[in-house]
1. Looking only at segment 4-38, count how many residues are of a type in the set (A, V, I, L, M) and modelled with pLDDT under 95.
2. Yes or no: Gly34 open to solvent by 50 Å² or more (accessible area, probe 1.4 Å), small (Gly, Ala, Ser) and either in a strand (DSSP E or B) or free of Cβ contacts under 8 Å to residues at least 60 places away in the same chain (or both)?
3. Pairs only if they're at least six apart or on different chains, beta carbon under 7 angstrom, first in segment 40-62 and under 19 Å from Asp72 (Cα atoms), second aromatic (Phe, Trp, Tyr) and open to solvent by 50 Å² or more (accessible area, probe 1.4 Å); list them, first residue then second.
4. Determine the pairs where a residue that is more than 18 Å from Ile69 (Cβ to Cβ), located within segment 84-108, has a partner that is of a type in the set (Gly, Ala, Ser) with Cβ atoms under 8 Å apart, the partner being 6 or more residues away or on another chain.
5. Tell me which residues, restricted to segment 1-25, are surrounded by fewer than 16 Cβ atoms within 10 Å (Cβ to Cβ), among the small types (Gly, Ala, Ser) and part of a strand (DSSP E or B).
6. I'd like the full set of residues that are of a type in the set (Asp, Glu) and open to solvent by less than 70 Å² (accessible area, probe 1.4 Å), limited to segment 38-78.
Amino acid sequence: VQLQACGGGLVQTGGSLRLSCAASGRSFSSNAMGWYRQVPGKEREFVAAISWSGGSTYYQDFVKGRFTISRDNAKNTMYLQMNSLKPGDTAVYYCTAANRDAPIVDVIRSPSYWGQGTLVTVSS
């Protein structure tokens, strides 16, 4: 079981990036999933989460209105569309997942699965 994140890069303030997280090894269509981020020297912080169906989403206040989380269960892939990026969004972004059939709150509190990170750098 593996979560593979990609799509990070260097972008100017106000720009956009779309992160993808592809799950492999088995289907994650019954797992709530989410994104975390980490700045060097700081703890990882929750960014956004999405239920297995995509019907429920949650966002940290600092990304509300700018980031959109979505998923395509047919492709076993989750996305994070990031708009109006700020230098403070610079971090390594990690995709995560809860256990199968677990509630979305499990992604927010303590994900069971973690992918490798993808670096997002926003220049001023």
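The values are calculated or read from the model by the stated rules, or taken from the named source; none is laboratory data. Note that the structure is a prediction, hence the values are computed from the model and not measured. Methodologically, a virtual Cβ is constructed for each residue, glycine included, from the backbone with ideal geometry; neighbour enumeration extends over all protein chains shown. Ligands, DNA and RNA are excluded from the accessible area calculation, which covers all protein heavy atoms including side chains. Shrake-Rupley method; radii C 1.70, N 1.55, O 1.52, S 1.80 Å.
1. Step one: of segment 4-38, the residues of a type in the set (A, V, I, L, M) are 5, 10-11, 17, 19, 22-23, 32-33.
After this cut, where a residue has to be modelled with pLDDT under 95 as well, the list is 23.
Final tally of qualifying residues: 1.
2. On the way: open to solvent by 50 Å² or more (accessible area, probe 1.4 Å): no; small (Gly, Ala, Ser): yes; either in a strand (DSSP E or B) or free of Cβ contacts under 8 Å to residues at least 60 places away in the same chain (or both): yes.
Taking the combined requirement at face value, the residue does not satisfy it.
3. Correct list of pairs: Ala48/Tyr58; Ala48/Tyr59; Ala49/Tyr58.
4. From segment 84-108, the pairs are Pro87/Ser123; Pro87/Ser124; Asn99/Ser112; Arg100/Ser30; Asp101/Ser30.
5. Our first condition is that a residue be surrounded by fewer than 16 Cβ atoms within 10 Å (Cβ to Cβ); within segment 1-25, this holds for 1-2, 4, 6, 9-10, 12-16, 18, 24-25.
If we keep only those that are among the small types (Gly, Ala, Ser) too, we end up with 9, 14-16, 24-25.
Matches in segment 1-25: Gly9, Ser24.
6. Residues of segment 38-78 that are of a type in the set (Asp, Glu), as a first pass: 43, 45, 61, 72.
Once the filter is applied, which keeps residues that are of a type in the set (Asp, Glu) and open to solvent by less than 70 Å² (accessible area, probe 1.4 Å), segment 38-78 yields Glu45, Asp72.
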